[in-house]
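What follows draws every value from the coordinates through simple rules; no lab data is involved. Values in this document were obtained by computation on a predicted structure and should not be read as measured data. Cβ sites come from the backbone with ideal geometry, for glycine too, and all protein chains shown count toward neighbours.
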Amino acid sequence: MKILFLCTANSCRSILCEAMFNHLAPTEMQAYSAGSQPKGEVHPLSLKTLDKAGISTAGLYRKSSDVHVNLAPDFVITVCDKAAGEACPVFFGPAIKAHWGLTDPSEYQGTQEEIEAAFEATLEQIRSRIEAFLALPLKQLSAEQLKAELALIGTL
């Protein structure tokens, strides 16, 4: 099973999702991430937060959704925060789609400690959502039931 996390910049939220999912999921499940407007490198605090949590950062890099044109994911989850006015990327195809809006921790204003705490809080929110996803009886649910469950998970 393949899951693709999409965001605008592919610097923080989708990268954190990819790494956390691959850390928690069984080996037959694999997460990927991409952005609609990736620029530069993965945010250094994304990598620091993952390292601090004991999650591998190997192979993480900023990439466009074009990289995954032949991926054929089973699930596509957007994680941009629509309330912030971001243009959330859209992926067309037969994948089951969901939106798990997350506030961008790189936009947080405060002291260095407060900004790092925002990254850590985002990672914990992602952990909760992915644990809920992995607890679903995926093979027993219809596509419509999966969409409904994913929508609920996006509110955690």
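Here is how the numbers come out for the structure above:
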{"item": "Order of Glu18, Glu149 - criterion: other Cβ atoms within 10 Å of each residue's Cβ, fewest first", "result": "Glu149, Glu18"}
{"item": "Sequence-separation-based contact order of the chain, relative, with Cα cut under 8 Å and 6+ spacing, percent", "result": "25 percent"}
{"item": "Least to most buried among Asp104, Asp51 (fewest other Cβ within 10 Å first)", "result": "Asp51, Asp104"}
{"item": "Set of lysines with alpha-carbon distance to Lys39 below 30 Å, sequence-local pairs under 8 removed", "result": "Lys2, Lys48, Lys52, Lys63, Lys82, Lys97"}
{"item": "Relative packing of peptides 127-138, 108-119 - highest average C-beta neighbours within 10 Å first", "result": "127-138, 108-119"}
{"item": "Long-range HN-HN contacts of Ser33 with modeled amide H, under 5 Å", "result": "Phe5"}
